[in-house]
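Asks: Input: one structure, supplied below.
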Amino acid sequence: MGLVLQTNCLTKKYGKQLAVNKINMKVEKGDIYGLIGKNGAGKTTIMKIACGLIHQSQGDIQLFESSDVEKGRKRIGCIIEYPALYPYMTARENLIYYDKLLGIVDYSNVDEVLNLVGLGDTGKKKTKAFSLGMKQRLSIAISLLGNPDFLILDEPINGLDPYGIKEVRELLLRLNTENEITILISSHILGELAKIATKYGIINKGVLIDEFKASELNERCKKCLNVVVNDSEKAAYILKNDIKSSDFEVFNEGKICIYDCLDIPAQINKELIENGVLVSSIGLEGNDIEAYFVKMMGGNQ
C-alpha cells in the first residue's frame, strides 16, 4: 500500500523532559490510524512534528516514503488544536479567507469542500450561530482546502454531543473511503475511535508501547467462556457433539476457552456435570475495547 508517514527514533525534548522518546511508527496509505494516550503522553507533539509546527530533537520522519518532508507537507491537511473561525463570517467567507492564506487565488474549491463536509446549504448564516459539530466540520473543511492526501486531526470530536460526534465520524469515513484520504487521528473517546480506526498506536509517557491493526484488536478483546474441568478431552467431545460448539480451544491443566455459545453457561455446566465431567470454575472473560485501551495506557485516565 505504501507508507504515508514513517518515524525513526523520533524524539522531542523540552529541557530535560522527554515529550516523545524514540518513536517508530508507520501510517500506511488508506489507514485511519488512531493515536491513543493520556493527556501529556506525546500525541500532539508527534502530530506537530509531522506537520512542521515544531522540530524534533532527534530522529527523523519520512512523508510519502520520501525524506523531503517539506514537499510531503504540502500534501497534508491538519487540525492541531482549533483553527480560528471568524464568527461574523459565513462558512464560505471563512474558507475564502483561508484560501488566500494558502495562496490559492481560484476559489472554485470552496463550494466543493463545503458540500463535502455537509455545509453547502448554510448560505448567509454566520459561523457564530453554528453548532459545535458544524464548527468542527468547518475546521475539517479548512484542512481540506489544499486537496490533501493525508489528514492529521488532533481530538476532532472532543466536546461534541452524540449527534455532532456521529456527523464527524461519518464525514471521516467518507473522506477515507470515497476520497481515499489517509487519516491520523487522536481522541479520548475510545469507543468512537474504535468505530472508524483501521490501525492503532498506543503511547504512554512518550513511548509507543504498541502498534497494531483493528483486526488484531478484535482478537485481543475477544470474549470467551473460560471453563476449567478435570477431563478436558471428554469435555471437548461434549462441547462439540452435545452443545454444538464449533469455536473453542483446549489448553493445559483442564482449561477450555469457548468463543461461541457465550449466552448458555448454565446449560454447558449442566451438560458437563451430567456426563461425569467435574467443573471447578466457569465464567466469562475478556475486555471490552475501551477497558483494553485504558489498561494498555497504564490505568484510569
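FYI, it's all coordinate maths here, none of it is from the lab. Computed from a predicted structure; not experimentally measured. Because the Cβ atoms are built from the backbone with ideal geometry, glycine has one as well, and the counts that use them run over all protein chains shown.
Asks: Quick one: dipole size for region 223-285, taken about the Cα centre, charges +1 on Lys/Arg Cβ and -1 on Asp/Glu Cβ, in debye to the nearest 20. List each step's numbers first, then the result.
Replies: Numbers: 6 positive and 11 negative charges, 9 e Å.
I would put it at about 40 debye.
Asks: On to the next question. Taking only C-alpha pairs under 8 Å that are 6+ residues apart, what is the relative contact order of region 142-301 in percent?
Replies: Details: 200 pairs, mean separation 33.7, N = 160.
Relative contact order of region 142-301: 21 percent.
Asks: I've got another one for you. Find, among the trypsin sites (Lys or Arg not before Pro) in region 102-165, those assigned to loop by DSSP (not H, G, I, E, B) with at most 11 other beta-carbon atoms within 10 angstrom. Present the calculation step by step, with values, prior to reporting the outcome.
Replies: Numbers: sites: K124, K125, K126, K128, K135, R137; in loops: K124, K125.
The qualifying sites are K124.
Asks: Could you point to the residue in I142, V105, M89 farthest towards the positive end of region 87-143's charge dipole, with +1 and -1 charges on the Cβ of Lys/Arg and Asp/Glu respectively?
Replies: M89
Asks: Oh, and also: Mean separation of Cα pairs under 8 Å and 6+ residues apart, divided by the residue count of region 1-45: what relative contact order is that in percent?
Replies: Reported as a whole number, the value is 38 percent.
Asks: Comparing F212, F248, F130, which has the greatest mean-square fluctuation in the GNM of the chain with Cα pairs linked when under 10 Å apart?
Replies: Per the Cα network of the chain with a 10 Å cutoff, F248 tops the list.
Asks: Now a separate question. To make sure I understand, if each residue's beta carbon is the centre and we count other beta carbons within 10 Å, what order do T198, T45, T177 fall in, fewest to most?
Replies: In order of increasing Cβ crowding within 10 Å: T177, T198, T45.
Asks: Would you pull out the residues with amide H under 5 Å of L151's amide H, same chain only if 5 or more places away, H placed 1.01 Å from N?
Replies: Amide H neighbours of L151: G77, T182, I183, L184.
Asks: Moving on. Tell me, what HN-Hα J-couplings in whole Hz come from the Karplus equation 6.51 cos²θ - 1.76 cosθ + 1.60 at θ = phi - 60° for each residue of region 113-130, using x for Gly and Pro?
Replies: 5, 4, 5, 4, 9, x, 10, x, 9, 7, x, 8, 5, 6, 4, 4, 8, 6
Asks: Here's another thing I want to ask about it. Just flag the GluC sites (Glu not before Pro) in region 160-199 sitting in loop per DSSP whose Cβ has no more than 11 other Cβ atoms within 10 Å.
Replies: Answer by residue number: E178, E180.
Asks: At q = 0.09, 0.11, 0.15 Å⁻¹, what log₁₀ I(q)/I(0) does a Debye calculation on the Cα points of the chain give, no solvent, two decimals?
Replies: Debye curve over Cα of the chain, log10 I(q)/I(0) at q = 0.09, 0.11, 0.15 Å⁻¹: -0.57, -0.75, -1.10.
Asks: While we're on this one: Give, as a single signed number, the net charge of other residues whose beta carbon lies under 15 Å from the beta carbon of S131, with Lys and Arg counted +1 and Asp and Glu -1.
Replies: +3
Asks: Using θ = phi - 60° and the Karplus relation 6.51 cos²θ - 1.76 cosθ + 1.60, list the HN-Hα couplings for region 247-255 in order, rounded to whole Hz, with x at every Gly or Pro.
Replies: Result, ordered by residue: 9, 8, 10, 9, 10, 5, 6, x, 8 Hz.
Asks: What does the charge add up to near S108, with Lys and Arg as +1, Asp and Glu as -1, over the other residues with Cβ less than 13 Å from its Cβ?
Replies: Charge balance near S108 sits at -3.
Asks: Got the relative contact order for the chain handy, in percent, Cα pairs under 8 Å and 6 or more residues apart? Kindly include the intermediate steps, with their values, before the conclusion.
Replies: Numbers: 555 pairs, mean separation 59.2, N = 301.
Relative contact order, the chain: 20 percent.
Asks: Taking 0.36 nm per intervening residue step and subtracting the Cα-Cα distance, what contour gain separates A84 from K26 on full extension? Could the numbers behind the result be given before it?
Replies: On the way: separation 58, 0.36 × 58 = 20.88 nm, distance 3.02 nm.
Gain in length upon complete extension: 17.9 nm.
Asks: Got a sec to turn the phi values of region 229-243 into Karplus ³J(HN,Hα) couplings, 6.51 cos²θ - 1.76 cosθ + 1.60 with θ = phi - 60°, whole Hz, x for Gly and Pro?
Replies: So the J values, rounded to whole Hz, are 10, 8, 9, 5, 5, 5, 5, 5, 4, 5, 4, 6, 9, 9, 7.
Asks: Let me ask something additional. Could you pull out every residue, at least 5 positions away or on a different chain, whose amide H is within less than 5 Å of the one on K29? Hs are placed 1.01 Å off N in the peptide plane, and Pro or chain starts have none.
Replies: Here G2, L3, V4 satisfy the definition.
Asks: So, one more: May I ask what percent, to the nearest 5, of DSSP beta bridges between residues of the chain are antiparallel?
Replies: Once the DSSP bridges in the chain are tallied, antiparallel ones form about 65 percent.
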